[in-house]
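Asks: Below: one structure in structure tokens.
The values are calculated or read from the model by the stated rules, or taken from the named source; none is laboratory data. This structure is a prediction, so every number in the text was calculated from the model and none was measured. In this analysis, Cβ positions are derived from the backbone assuming ideal geometry, glycine residues included, and neighbour counts consider all displayed protein chains.
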Amino acid sequence: MMTNLFSTFDPSTNIFNISLNWTSTFIGLLIIPSMFWLTSSRINTMWNKMNLILHNEFKTLLGPKSFNGTTLIFISIFIMMLFNNFMGLFPYIFTSTSHLAFTFTMALPMWFSFMLFGWLNHTNHMFAHLVPQGTPPTLMSFMVLIETISNIIRPGTLAIQLAANMIAGHLLLTLLGNTGSSMSTNLIPILIIGQMMLLILESAVAMIQAYVFSILSTLYSSEVY
């Protein structure tokens with residue numbers, strides 16, 4: 001019995017005191033061998049087309065000065081986030097992207113590497129970003145402060161927006177699911193329809209949040225060139 005609504009996100013499954021919740025992150029490795037079949041399936045063809053579309057979009061955002069192969073990093077991030085978001089929609093599977101321990105671990109090293117590369121190799125360009133073009137001289141000091149703060153909080157906003165969006169939908173599904181035992185029989189079909197619609201919405205949110213996370217990471221990296 002749940003003592004707390006947020007206990008649905010507790011990583012409590014274990015065997016011999018070894019936590020099994022985070023293993024859902026690595027289940028996707030099982031589908032990798034199918035990529036090496038001689039004849040591609042429809043799923044592989046669709047997957048390759050999606051990767052090509054993402055590559056073209058990320059390449060446009062990064063600009064012509066980006067290094068070759070940079071888009072592979074963000075495509076990999078998108079695929080990993082998409083997989084983990086979808087895994088959390090299945091019953092009794094731990095949602096790793098609903099925890100800041102996972103999302104912040106992804107966002108912070110990526111942001112830090114962008115900042116380190118930018119300040120070491122394009123120092124003047126990074127200083128120019130602190131003062132937007134057309135800023136009045138009297139407001140320059142305030143703009144530098146505001147831009148610095150906005151840069152520092154970027155990994156936090158990336159991590160929190162992904163975790164918060166995943167938590168919100170799962171909490172709503174849990175709340176509605178827990179009310180089923182106390183509802184009258186006539187209202188059960190309405191509850192089931194509502195749960196199904198919420199599940200469709202959460203599937204869309206899983207895709208959108210993975211896309212938003214990778215797009216924002218791409219935009220942050222494009223500023224350091």
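Asks: Starting from residues that are surrounded by 18 or more Cβ atoms within 10 Å (Cβ to Cβ) and not aromatic (Phe, Trp, Tyr), keep the ones in the stretch 206-215 and report whichever is nearest to residue 91 (Cα to Cα). Walk me through it before giving the result.
Replies: Looking only at the stretch 206-215, we keep the residues that are surrounded by 18 or more Cβ atoms within 10 Å (Cβ to Cβ), and these are 206, 209-210, 213-214.
Those still in the list that are not aromatic (Phe, Trp, Tyr) too: 206, 209-210, 214.
Values: 206: 15, 209: 20, 210: 20, 214: 26 Å.
Among those that are surrounded by 18 or more Cβ atoms within 10 Å (Cβ to Cβ) and not aromatic (Phe, Trp, Tyr), it is 206.
Asks: Residue check: is residue 163 within 20 Å of the chain's Cα centre (by Cα) and either under 30 Å from residue 73 (Cβ atoms) or not hydroxyl-bearing (Ser, Thr, Tyr) (or both)?
Replies: Against the criterion (within 20 Å of the chain's Cα centre (by Cα) and either under 30 Å from residue 73 (Cβ atoms) or not hydroxyl-bearing (Ser, Thr, Tyr) (or both)), residue 163 qualifies.
Asks: What number of residues in the stretch 174-225 are over 15 Å from the mean Cα position of the chain (by Cα), closer than 30 Å to residue 69 by Cα and not aromatic (Phe, Trp, Tyr)?
Replies: If we filter the stretch 174-225 for residues that are over 15 Å from the mean Cα position of the chain (by Cα), which is where we start, we get 174-201, 221-225.
Now drop any that are not closer than 30 Å to residue 69 by Cα, which leaves 221-225.
Then drop every residue that is not not aromatic (Phe, Trp, Tyr), which leaves 221-224.
Within the stretch 174-225, residues that are over 15 Å from the mean Cα position of the chain (by Cα), closer than 30 Å to residue 69 by Cα and not aromatic (Phe, Trp, Tyr) number 4.
Asks: Which condition number does residue 100 fail, the rest of (1) surrounded by fewer than 17 Cβ atoms within 10 Å (Cβ to Cβ); (2) modelled with pLDDT of 90 or more; (3) among the aliphatic types (A, V, I, L, M) being met?
Replies: Here residue 100 meets the rest and fails (2).
Asks: Could you figure out which of (1) of a type outside the set (Lys, Arg); (2) under 21 Å from residue 212 (Cα atoms); (3) surrounded by 18 or more Cβ atoms within 10 Å (Cβ to Cβ) isn't true of residue 150?
Replies: (3)
Asks: Which one of the conditions (1) aliphatic (A, V, I, L, M); (2) touching a helix residue (DSSP H, G or I) at 6+ places or on another chain (Cβ under 7 Å); (3) modelled with pLDDT of 90 or more does residue 87 fail to meet, given that it meets all the rest?
Replies: It is condition (3) that residue 87 fails.
Asks: Looking only at the stretch 4-54, count every residue that is at pLDDT 75 or above, under 20 Å from residue 84 (Cβ atoms) and of a type in the set (D, E, K, R) and tell me the total.
Replies: Qualifying residue count for the region: 0.
Asks: Show me the helices (runs of 4 or more DSSP H) entirely contained within the stretch 60-171 in which 3 or more residues are farther than 30 Å from residue 49 by Cα, hydrophobic (A, V, I, L, M, F, W, C) and touching a residue at least 24 places away in the same chain (Cβ under 8 Å).
Replies: Because the criterion is at least 3 residues that are farther than 30 Å from residue 49 by Cα, hydrophobic (A, V, I, L, M, F, W, C) and touching a residue at least 24 places away in the same chain (Cβ under 8 Å), the helices (runs of 4 or more DSSP H) in the stretch 60-171 that meet it are 100-121.
Asks: Of everything in the stretch 121-165, what is touching a Ser or Thr at 6+ places or on another chain (Cβ under 7 Å), modelled with pLDDT under 90 and closer than 28 Å to residue 105 by Cβ? Give them in sequence order.
Replies: 130
Asks: Tell me, yes or no, whether the stretch 174-192 has at least one residue that is in contact with a Leu (Cβ under 8 Å, 6 or more places away or on another chain), surrounded by fewer than 17 Cβ atoms within 10 Å (Cβ to Cβ), part of a helix (DSSP H, G or I) and hydroxyl-bearing (Ser, Thr, Tyr).
Replies: Of all residues in the stretch 174-192, those in contact with a Leu (Cβ under 8 Å, 6 or more places away or on another chain) come to 174-176, 179-180, 183, 191.
Cutting the leftovers down to surrounded by fewer than 17 Cβ atoms within 10 Å (Cβ to Cβ) gives us 174-176, 179-180, 183, 191.
Within this subset, residues satisfying the condition of being part of a helix (DSSP H, G or I) are 174-176, 179-180, 191.
Filter again for hydroxyl-bearing (Ser, Thr, Tyr), leaving 174, 179.
There is at least one residue in the stretch 174-192 that is in contact with a Leu (Cβ under 8 Å, 6 or more places away or on another chain), surrounded by fewer than 17 Cβ atoms within 10 Å (Cβ to Cβ), part of a helix (DSSP H, G or I) and hydroxyl-bearing (Ser, Thr, Tyr).
Asks: Turning to a different aspect of this structure: So, in the stretch 156-170, of the ones that are β-branched (Val, Ile, Thr) and over 10 Å from residue 97 (Cβ atoms), which residue ends up surrounded by the most Cβ atoms within 10 Å (Cβ to Cβ)?
Replies: Here is the first cut: in the stretch 156-170, the ones β-branched (Val, Ile, Thr) are 157, 160, 167.
After this cut, where a residue has to be over 10 Å from residue 97 (Cβ atoms) as well, the list is 157, 160.
Numbers: 157: 12, 160: 15.
By that ranking, first place goes to 160.
Asks: Given the criterion hydrophobic (A, V, I, L, M, F, W, C) and under 23 Å from residue 58 (Cα atoms), identify the matching residue among 160, 188.
Replies: Values: 188 fails: under 23 Å from residue 58 (Cα atoms).
Being hydrophobic (A, V, I, L, M, F, W, C) and under 23 Å from residue 58 (Cα atoms) holds for just one of 160, 188, which is 160.
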